[in-house]
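Written out below as structure tokens is the structure these notes cover.
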Amino acid sequence: MTTATPPAPPRPKDVTEAGRASLEANRRRITRTSYALLAPTIVVMAVIVGYPIVLSVINSFQADARLDPATGFFVTGGFTGLTNYAHWLLQQCSTPAGTAACAQGNLGASFWTATFNTFFFTVITVALETVIGLWMAIIMNRNFRFRGLLRAAVLVPWAIPTAVTAKLFLFIFATAGIINALLGIEVIWGADLWASRFAIIIADTWKTTPFMALLILAGLQLIPEDTYEAARMDGATTVQQFFRITLPLLRPALVVAVLFRTLDALRMYDLPAILTGGGGGRGDATTTLSILVVREIQNTAVNSAAALSTITFLIVFGVAFLFIRVLGANLTGGEKKSKKVAGVR
Amino acid sequence: MTTVAGPTTAAAERPVFDDRAASRVRARRRRAAGSSVRTGIQAALIVIWCLLPAYWMLITGFRRSDTVYETTLLPTTPTFDNFIQAFNPARNQLGRALLNSFGIGVLVTVIALVVGVSAAYAIARLNFPGKGLIMGAVLGASMFPGVALLTPLFSLFTQLNWQGSYQSLIIPYIAGALPLTVWTLNSFFREMPWELEEAARIDGCTAAQAFRIVILPLAAPAVFTTAILAFIGSWNEYLLASVLSNTQTQTVTVAIGNFVGSQPREIPYATTMAAGSVVTIPLIILVLIFQRRIVAGLTAGGVKG
């Protein structure tokens, strides 16, 4: 481990040839030190994440073990081009006669339902969690006597493991459970098409809103109190303060929080896997893409599962990219608005 | 779900009395009292919303399995039987699963921290070409969908005959904890008083000594917070564990997911809720003790990143 001090900014007048050379050497040494310090992390991530992902993409173009219709023997492997991708995207299943549309009940036929479910859950839960989280954050940001109790309480849903949350809501939404008893209804939450979906949404909103509220609260605390003071002096109402000060100044923190949550919701697995088993409706009303991958692995169709997990990865990557592009543009818009707020002062 | 204090404020600002200052003060006080009541009501709503389901889980653990659906706030015939049943090794492996989760969590946390501290130090403290790319890669890796890793790891571990082994969980968990560790530590490290390190260097310490003697003790709270977050992440993981573990190596989340009751075909709600409380209460105690630090750690990457 060599020196860790960053190089002093060079002063053109004083720098001699020797001085410039020593600065250059210093900079090289710092770069070397940095990469030596980063090396363990880079190696671990390359071996545990990088290598398997590359392997997965290669495997997704290989055929799974299957019964060869011509010979009647089990055959394994072999390059099959895009067959595994067509299985998911076009619902093509291989049959003795070639390829045909997958029958209802085949996992391939559930792909678009699972994609819809994943996006539906993501959009609804993130929207609900943002709105409720914003409300919670604003309350938590106020000064009152039991603020400590409030801040402790919101950490409780966050601390409960998702698998336990799923079991808890399985009990709450049971046919003889507390929700049906309180509302005086007889909904079978695990089986109904939309009831099962909303059971997932309610459970996820309960579990994750506190996390959202904490992220938003951290953003709120960056807004200086005198901004509000000045607005009040100028006669701004509370509603005006919220829409003209809080929201514009909160936008950067809000964008980051929504991005984090969106990418997290797109990989949702624990809740639907335990709460509904992915079922409801015709059997796949709450199946997410992650559940579909696990089911395909349990079918021992590992290469086909590799194709699906590659598709899932590309979807998540695409959403993240879009987000940064679209909301990045909005971010600059937000800065313009905050300049206007500064003008109010 | 309104957050605004109400439309009365503008009117209250225009005093009609002679003593304008006094009336303004009075109006502000009245408004403050009104808004603090409203804040209190809303805060109470949030506390109830957050705690009621958790309370329901805890209290259901004390109900008898034949009265598990009763809607009273306290069990009419309280029993401790569910907690004993949850640990009954003939049916459920909760005790073993607790040990597994604890062991795996500690190992993963220690390894991720040892590897991650030096990387976070380099990112926070040193300027080097490619830093932006590295930070992007770290953030990208923490957003990575678990299923994309599950499939290839499943094939790899099958080939290696590692199915149901501890390392088949520990290894991917490290990869999951590491980016988060680096990211959180980095945002903590950026706020450290680095002048102290420079002072130590001037006094004759080497860079490694300065880091070990001066910075590491100061960074201990940050490292500890990051450790708690990494441990909770590992403790709560379900997707990989549900596919890659067996009955011997299963973690608590998998054990609870597969809970079976005393009667076949019956969903053992009371026992499951008891087990859920057992699994959750240590976490909640940990979180409440280190509340401030955990909130700081959770939000550190989000706001300043």
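The values are calculated or read from the model by the stated rules, or taken from the named source; none is laboratory data. Predicted model, so just to flag it, every value in this text is computed and none were measured. Here the Cβ is made from the backbone with ideal geometry for all residues, glycine too, and neighbour counts use every protein chain on show. Calculation scope for accessible area: heavy atoms of the full protein, side chains included, ligands and nucleic acids excluded. Shrake-Rupley method; radii C 1.70, N 1.55, O 1.52, S 1.80 Å.
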**Pairs, first assigned by TED's automatic domain parsing to the domain that holds B:Ile174 in segment B:112-131, second open to solvent by 10 Å² or more (accessible area, probe 1.4 Å) and of a type in the set (Val, Ile, Thr), C-beta under 6 Å, six or more apart** = B:Ala112/B:Ile174; B:Val115/A:Thr41; B:Val115/A:Val44; B:Ala119/A:Thr41; B:Phe128/A:Thr31
**Fill in**
Flagged pairs (Cβ under 8 angstrom, 6 or more apart or on separate chains; first in segment A:201-220, among the charged types (D, E, K, R); second not in a helix (DSSP H, G or I)) are A:Asp204/A:Met268; A:Lys207/A:Ile160
**Asked** Of the residues B:Leu45, B:Leu73, B:Leu94, which is at pLDDT below 90, of a type in the set (A, V, I, L, M) and not assigned by TED's automatic domain parsing to the domain that holds B:Ile228?
**Response** B:Leu73
**Prompt:** Does segment B:197-215 contain any residue that is facing chain A (nearest Cβ under 9 Å), part of a loop (DSSP other than H, G, I, E, B) and open to solvent by 40 Å² or more (accessible area, probe 1.4 Å)?
**Reply:** yes
**Prompt:** How about segment B:132-149: which of its residues are outside any helix (DSSP H, G or I), open to solvent by 20 Å² or more (accessible area, probe 1.4 Å) and of a type outside the set (Phe, Trp, Tyr)?
**Reply:** B:Met143
**Prompt:** Does at least one position in segment A:172-183 carry a residue that is within 25 Å of B:Trp235 (Cβ to Cβ), within 21 Å of the chain's Cα centre (by Cα) and not polar (S, T, N, Q)?
**Reply:** no
**Complete:** When segment B:183-212 is checked residue by residue, the ones that are hydrophobic (A, V, I, L, M, F, W, C) and touching a Leu at 6+ places or on another chain (Cβ under 9 Å) are B:Trp183, B:Leu185, B:Met192, B:Leu196, B:Ala210
**Request:** Take segment A:227-263 and flag every residue that is closer than 23 Å to B:Leu298 by Cα, free of Cβ contacts under 8 Å to residues at least 40 places away in the same chain and surrounded by fewer than 19 Cβ atoms within 10 Å (Cβ to Cβ).
**Result:** A:Leu247
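Would you check if B:Gly130 is of a type outside the set (A, V, I, L, M, F, W, C) and on the phi > 0 side of the Ramachandran plot? Let's see the steps before the verdict.
Working: of a type outside the set (A, V, I, L, M, F, W, C): yes; on the phi > 0 side of the Ramachandran plot: yes.
Taking the combined requirement at face value, the residue satisfies it.
For (1) in contact with a Lys or Arg (Cβ under 6 Å, 6 or more places away or on another chain); (2) modelled with pLDDT under 90; (3) in the same structural domain as A:Ala114 (by TED's automatic domain parsing); (4) assigned to a helix (DSSP H, G or I), each residue gets a yes or a no:
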| site | (1), (2), (3), (4) |
| --- | --- |
| A:Trp189 | no, yes, yes, no |
| A:Ser196 | no, no, yes, yes |
| A:Ile202 | no, no, yes, yes |
| A:Gly219 | no, yes, yes, yes |
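If you check A:Ile48, A:Ile53, A:Ile42, which single one turns out to be within 10 Å of chain B (Cβ to nearest Cβ) and open to solvent by 70 Å² or more (accessible area, probe 1.4 Å)?
Numbers: A:Ile48 fails: open to solvent by 70 Å² or more (accessible area, probe 1.4 Å); A:Ile53 fails: open to solvent by 70 Å² or more (accessible area, probe 1.4 Å).
Being within 10 Å of chain B (Cβ to nearest Cβ) and open to solvent by 70 Å² or more (accessible area, probe 1.4 Å) holds for just one of A:Ile48, A:Ile53, A:Ile42, which is A:Ile42.
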**Asked** If you go through segment A:126-178, how many residues are assigned to a helix (DSSP H, G or I), open to solvent by 30 Å² or more (accessible area, probe 1.4 Å), in contact (Cβ under 8 Å) with a residue 40 or more places away in the chain and more than 7 Å from chain B (Cβ to nearest Cβ)?
**Response** 3
**Fill in**
Wholly inside segment B:217-298, helices (runs of 4 or more DSSP H) that include 2 or more residues that are more than 23 Å from the chain's Cα centre (by Cα) and buried (at least 24 other Cβ atoms within 10 Å of the Cβ) are B:269-289
**Prompt:** Yes or no: A:Thr288 under 26 Å from A:Val326 (Cα atoms), at pLDDT 90 or above and open to solvent by 10 Å² or more (accessible area, probe 1.4 Å)?
**Reply:** no
**Prompt:** Which condition does A:Ala103 not pass, out of (1) modelled with pLDDT of 90 or more; (2) open to solvent by 40 Å² or more (accessible area, probe 1.4 Å), if it passes all the others?
**Reply:** (1)
**Item:** Answer residue from segment B:53-72, given it is assigned to a loop (DSSP other than H, G, I, E, B), open to solvent by 60 Å² or more (accessible area, probe 1.4 Å) and within 11 Å of another protein chain (Cβ to nearest Cβ) and is farthest from A:Leu170 (Cα to Cα) among those
**Value:** B:Thr71
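Yes/no matrix, rows are residues, columns are (1) crowded, with 20+ Cβ neighbours inside 10 Å; (2) away from chain A (no Cβ under 12 Å); (3) modelled with pLDDT of 90 or more:
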{"position": "B:Thr77", "(1), (2), (3)": "no, yes, no"}
{"position": "B:Ile84", "(1), (2), (3)": "no, yes, no"}
{"position": "B:Asn100", "(1), (2), (3)": "yes, yes, yes"}
{"position": "B:Val110", "(1), (2), (3)": "no, yes, yes"}
{"position": "B:Val114", "(1), (2), (3)": "no, no, yes"}
{"position": "B:Ala120", "(1), (2), (3)": "yes, no, yes"}
{"position": "B:Gly130", "(1), (2), (3)": "no, no, no"}
**Prompt:** Out of all the residues in segment B:77-98, is one or more farther than 20 Å from A:Phe169 by Cβ, among the β-branched types (Val, Ile, Thr) and not in a helix (DSSP H, G or I)?
**Reply:** yes
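Taking the options A:Val294, A:Val302, name whichever one is of a type in the set (A, V, I, L, M), under 30 Å from A:Ile172 (Cα atoms) and at pLDDT 80 or above.
Values: A:Val302 fails: under 30 Å from A:Ile172 (Cα atoms).
Of A:Val294, A:Val302, the one residue that is of a type in the set (A, V, I, L, M), under 30 Å from A:Ile172 (Cα atoms) and at pLDDT 80 or above is A:Val294.
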